[in-house]
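Worksheet for the structure shown next.
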Amino acid sequence: MATETMTGAQALWAALVREGVTEVFGYPGGAILPAYDAMLAYPIHHVLVRHEQGATHMADGYARASGKVGVAIATSGPGATNMVTGIATAMLDSSPIVCITGQVGSKLIGSDAFQETDITGITLPITKHNYLVTRAEDVAPMVREAFAVAKSGRPGPVLVDITKDAQTSSCEVDWDATEPHLTEAMDDELPGDGTAAEAVALINAAERPLILAGHGVTLSGAEREIITLAEKGRIPIAMTLLGIGGVPAGHPLNLGMMGMHGEAWVNTAIQEADLLIALGMRFDDRVTGNLRTYAQKARKIHVDIDRAELNKNVRVDVAIAKDLRPAIAEWLPKLAPNARDEWHARINELKGDSAVRDIQSLPDDGHLYAAHVINDLWRLTDGNAVVVTDVGQHQMWEAQYYKHDTPRSLITSGGLGTMGFALPAAVGAKMARPDAEVWVVVGDGGFQMTMCELATAVQEGLDINICIINNGYLGMVRQWQEFFYEKRYAATPISGPDFVKLAESFGIQARAVDQRCDVESAVTAARRHRGVSLIDFRVEQEDSVYPMVPAGADLHKMIRRPSPHPIVETAAD
Ligand SMILES: Cc1cc2nc3c(=O)[nH]c(=O)nc-3n(C[C@H](O)[C@H](O)[C@H](O)COP(=O)(O)OP(=O)(O)OC[C@H]3O[C@@H](n4cnc5c(N)ncnc54)[C@H](O)[C@@H]3O)c2cc1C
Ligand SMILES: Cc1ncc(C[n+]2csc(CCOP(=O)(O)OP(=O)(O)O)c2C)c(N)n1
Ligand SMILES: [Mg+2]
């Protein structure tokens, strides 16, 4: 029998090793010290972060880049509360992470002991599940169950809070008995019992169908199935922000991104479609605009592993609560081939002759536009980089101008929209995929939120490249002020340090660029350099992201780029 005597602290690391964990991201402190003391005996690399928020984003970036569970560890009180933003970020984007926190001794709980916070209470609404462990013998089974919960069904964050006495006392661990057994709570009253036959009947009958591909495609590993579905029925595909990479951008049926900053022709096609096939996406408000006028001409099929998402935002005709891959696989043999020439002709008409955003051929007018930088980055990295973005205008330009052809190659905070995500998430992504070329695309505002993690990247000797899109503004908020608050720029002009000097003080190779002609040499030098490198792109300050569906507006009522302007959006603009 596989029974061992050990402390709770040892049981923690032994359980992590059994779960295949090789790296954890964390920061020590009093209540987690017994665990840190035991750590040295186990084959797990600990990455010392500079702020616990960074640890959670690193675990998240690790998970998104690899599909494995990322692990973050912190002490009680402020260590644990610093994790809250990262946990909520992972929750909103269905990212599997396990957070371990130290807690004060079990006898002190509720006494306002030094560095005591009720972290399980605080994180209850932002975790898939959480545990307070007060006995050593519960450490191993609960840690193992935490991994099972984090990665099963719809993935998400799980927190395990372990009291100091549970770490220090001894217990017997029977590893066979720690094997987690999850039971799925099924409620027959909930929607989600649509059948494959109903879905196939709607698809075969549709003249203007459109697939809406979301993050669930990658989470399910359904990339091949979705392409077969699309090709068999010649059904065009629109991507959510988090779906990007799930279908190659270069695939002829991939129309591009939908939603607030999606392609104009995609949003119009959604409004004209007679069938939406929503696959692993949750009809976020950034995607639908005004629900009352959303896709009124379309019947709707929705497949989602989480029943709670079905008929939540958008009422559908066929709701299927299932893992995407087997769900689509069931449809494939029954699908009727169909060329749907008229529908494709209509979409091509919507795209106009500038369907390809041909910004590279536009003459250099002496200004440096973020879109150019991103598009050059895509060209110079052959589209093969893992790009980790922050939140704001640069995030949207990245989605529009970097063409992602492979899953997990765009890592971005969609649901919570967490500024400060990019740099730490990129550290995690690089550790998960050391052979990948990793680029951070970050605004001058968001970079200043977590730039302390530069030290972590340097200490770990990581080879990552940082591209700051420096517009001197909290650009996305400035854009809203420009469009909706009569250009009253309240609290959006933002200064910063000299990013080049700052980087150099960390021992990082850095360069500033304010001319388009210098983009190529700067990117090439950064790619050649082994280690962290940073480029401060000083871009046009008051540029805006187009098209834009104002929050809550009808999806087809997009604000277009005013012409004449050097960047062409669509022929219709
Ligand atoms: C500044 C800003 C602007 C934005 N603008 C846009 C925009 O223009 N367009 C846009 O698309 N987004 C935009 N977003 C992102 C948006 O807020 C949402 O995060 C995004 O649309 C969510 O995409 P999703 O539904 O595919 O992914 P998620 O929110 O991750 O949802 C994934 C869904 O897949 C399901 N799922 C998981 N695993 C499986 C499985 N195995 N099988 C089946 N289903 C599964 C989950 O239950 C969930 O319902 C913006 C965000 C920011 C910060
Ligand atoms: C933590 C956090 N605080 C505030 C916001 C609101 N917000 C969204 S985008 C944005 C501006 C981002 O500015 P910057 O990082 O410079 O990127 P830019 O939009 O200029 O590309 C702000 C403040 C947020 N998303 N996250
Ligand atoms: Mg900015």
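Work out the FRET efficiency for Cys517 and Arg488 from their Cβ-Cβ distance, taking R0 = 56 Å, and round it to the nearest 0.05.
0.95
Among rounded, prolate and oblate, which fits segment 358-421 when a ≥ b ≥ c are the square roots of the eigenvalues of its C-alpha gyration tensor, a/c under 1.5 means rounded, and a/b larger than b/c means prolate?
Oblate shape, in that a/c is at least 1.5 and b/c is the bigger or equal ratio.
Let's test the formula: R0 of 35 Å, r as the Cβ-Cβ distance of Ile559 and Asp193. What FRET efficiency results, to the nearest 0.05? Write out the running numbers ahead of the final one.
Details: r = 41 Å, r/R0 = 1.16.
About 0.30, to the nearest 0.05.
Give the Rg/Rh ratio for segment 126-275, taking Rg as the radius of gyration of the Cα atoms and Rh as the Kirkwood radius, to two decimals.
My calculation puts Rg/Rh at 1.16.
How many nm separate the modelled label positions at Ala339 and Asp364, each set 7 Å beyond the Cα in the direction of the Cβ?
Between Ala339 and Asp364, the simple spin-label model gives 4.6 nm.
If you take every DSSP beta bridge fully contained in the chain, what fraction is antiparallel? Give it as a percent rounded to 5. Mind dumping the intermediate values first?
Values: 8 of 73 bridges.
Percent antiparallel among DSSP bridges in the chain is about 10.
With a 1.4 Å probe and all protein chains kept in place, how much accessible area does Leu33 have, in Å² rounded to the nearest 10?
About 90 Å², rounded to the nearest 10.
For segment 435-515, take every pair of Cα atoms, bin their distances at 5 Å starting from 0, and report each bin as a whole percent.
Per 5 Å bin, starting at zero, the Cα-Cα P(r) for segment 435-515 comes out as 3, 13, 22, 22, 15, 11, 8, 5, 2, 0 percent.
Quick one: accessible surface of Val438, probe radius 1.4 Å, all protein chains present, in square angstrom to the nearest 10.
Approximately 0 Å² of Val438 is accessible to the 1.4 Å probe.
Between Leu33 and Ser505, what is the label-point separation in nm under the 7 Å Cα-to-beta-carbon projection?
3.1
Calculate the FRET efficiency for Arg530 and Leu108 from the Cβ-Cβ distance with a Förster distance of 60 Å, rounded to the nearest 0.05.
0.80
Are there any GluC sites (Glu not before Pro) in segment 474-522 that are in a DSSP loop and have at most 12 other Cβ atoms within 10 Å? List them by number.
Glu486
Leaving ligands, DNA and RNA out of it, work out the accessible area of Ile109 with a 1.4 Å probe and give it in Å² to the nearest 10.
70
Accessible area per residue, 1.4 Å probe, Å², for the chain: what's the number?
Solvent-accessible surface per residue comes out at 39 Å².
When a/c is below 1.5 the answer is rounded, else prolate if a/b is larger than b/c, else oblate, so apply that to segment 92-143 with a ≥ b ≥ c taken from the square roots of the Cα gyration tensor eigenvalues.
Oblate, since a/c reaches 1.5 and b/c is not below a/b.
Each residue of segment 399-408 in order: what ³J(HN,Hα) in whole Hz does its phi give by Karplus 6.51 cos²θ - 1.76 cosθ + 1.60, θ = phi - 60°, with x for Gly and Pro?
Here the 3J(HN,Hα) series is 4, 7, 10, 9, 8, 8, 9, 10, x, 6 Hz.
What's the ranking of 73-82, 340-349 by average number of surrounding C-beta atoms within 10 Å, highest first?
Details: 73-82: 23.3, 340-349: 14.6.
Per-residue Cβ counts within 10 Å, averaged per peptide and sorted highest first, yield 73-82, 340-349.
May I ask for the angle, rounded to the nearest 10°, between helix 8-18 and the longest principal axis of the chain, with both axes built from Cα atoms and the value confined to 0 to 90°?
The angle comes out near 40 degrees.
Would you mind checking segment 134-160 for residues with the amide N under 12 Å from a putative spin-label position 7 Å along Cα→C-beta of Thr3?
No residue qualifies, since no backbone N sits under 12 Å from the label point.
For the chain, what does the equivalent ellipsoid look like in terms of its semi-axes, each the square root of 5 times an eigenvalue of the Cα gyration tensor, given largest first in whole Å? Present the calculation step by step, with values, prior to reporting the outcome.
Values: eigenvalues 319, 200, 77 Å².
Equivalent ellipsoid of the chain: 40, 32, 20 Å, largest first.
In deg cm²/dmol, rounded to 500, what helix-only [θ] at 222 nm does the chain give when every DSSP H run of at least 4 residues adds -39500 (n - 2.57) and the total is split over its residues?
One gets -10000 deg cm²/dmol as the mean residue ellipticity at 222 nm.
Check the straight Cα-Cα distances from Lys297 and name the aspartates and glutamates below 15 Å, setting aside those fewer than 8 residues away within the same chain.
Counting by Cα, and skipping residues close in sequence, Lys297 has these aspartates and glutamates nearby: Glu207, Glu272, Asp274, Asp317, Asp554.
Given N residues in segment 395-530, what is Rg(Cα) / (2.2 N^0.38 Å)?
Expressed relative to 2.2 N^0.38 Å, the Cα Rg reads 1.10.
Treating the Cα atoms of segment 269-313 as identical point scatterers in vacuum, please give the log10 of the normalised Debye intensity I(q)/I(0) at q = 0.13, 0.15, 0.23, 0.33 Å⁻¹, two decimals.
Once normalised to I(0) and log-transformed, intensities are -0.26, -0.35, -0.84, -1.36.
Take Thr406 and Ser495, extend 7 Å from each Cα along the Cα→Cβ direction, and tell me the distance between the two endpoints in nm.
Those two pseudo-labels are separated by 4.3 nm.
For Ile559, enumerate residues with amide H under 5 Å from its amide H, sequence gap 5+ or separate chain, H modeled in the peptide plane.
Placed amide hydrogens put Met548, Val549 under 5 Å from Ile559.
What do you get for trypsin sites (Lys or Arg not before Pro) in segment 252-313 restricted to DSSP loop and a cutoff of at most 13 other Cβ within 10 Å of the site's Cβ?
Lys297
If amide hydrogens are placed 1.01 Å from N in the peptide plane, which non-local residues have theirs closer than 5 Å to the one on Ile100?
Sorted by chain and number, the residues that satisfy this are Ala72, Ile73, Ala74, Val160.
Can you report the principal axis dimensions of segment 1-77 using only the alpha carbons, biggest first, rounded to whole angstrom?
37, 30, 18
If one puts a single equal scatterer on every Cα of segment 2-41 and applies the Debye formula without solvent, what log₁₀ I(q)/I(0) results at q = 0.20, 0.31 Å⁻¹?
For segment 2-41 at q = 0.20, 0.31 Å⁻¹, log10 I(q)/I(0) is -0.63, -1.21.
Give me, ordered by chain and number, the residues 5 or more places off Arg299 or on other chains with an amide H under 5 Å from its own placed amide H.
The answer is Leu275, Leu276.
How much of the DSSP bridge set in segment 360-478 is antiparallel, in percent, rounded to the nearest 5?
Restricted to segment 360-478, the bridges split so that about 0 percent are antiparallel.
Can you work out the Karplus-derived ³J(HN,Hα) for every residue in segment 86-95? Use 6.51 cos²θ - 1.76 cosθ + 1.60 with θ = phi - 60°, whole Hz, and x for glycine or proline.
Per-residue couplings from phi come out as x, 5, 4, 4, 5, 4, 5, 9, 6, 10 Hz.
State log₁₀ I(q)/I(0) for segment 1-143 at q = 0.09, 0.14 Å⁻¹ as given by the Debye formula over alpha-carbon point scatterers of equal weight, solvent excluded.
Taken in order of the listed q values, log10 I(q)/I(0) reads -0.25, -0.61.
For segment 243-301, what does the alpha-carbon gyration tensor say about shape, rounded, prolate or oblate, given a ≥ b ≥ c as the root eigenvalues, a/c under 1.5 as rounded, and a/b over b/c as prolate?
The shape class here is prolate.
What pairs in Lys151/Lys232; Lys300/Lys334; Lys68/Lys322; Lys430/Lys501 have C-alpha atoms more than 26 Å from each other?
Lys151/Lys232
The values are calculated or read from the model by the stated rules, or taken from the named source; none is laboratory data. Note that this is a predicted model, so its numbers are computed, not measured. Heads up, the Cβs are rebuilt from the backbone with ideal geometry, glycines too, and the neighbour counts pull from every protein chain shown. Calculation scope for accessible area: heavy atoms of the full protein, side chains included, ligands and nucleic acids excluded. Shrake-Rupley method; radii C 1.70, N 1.55, O 1.52, S 1.80 Å.
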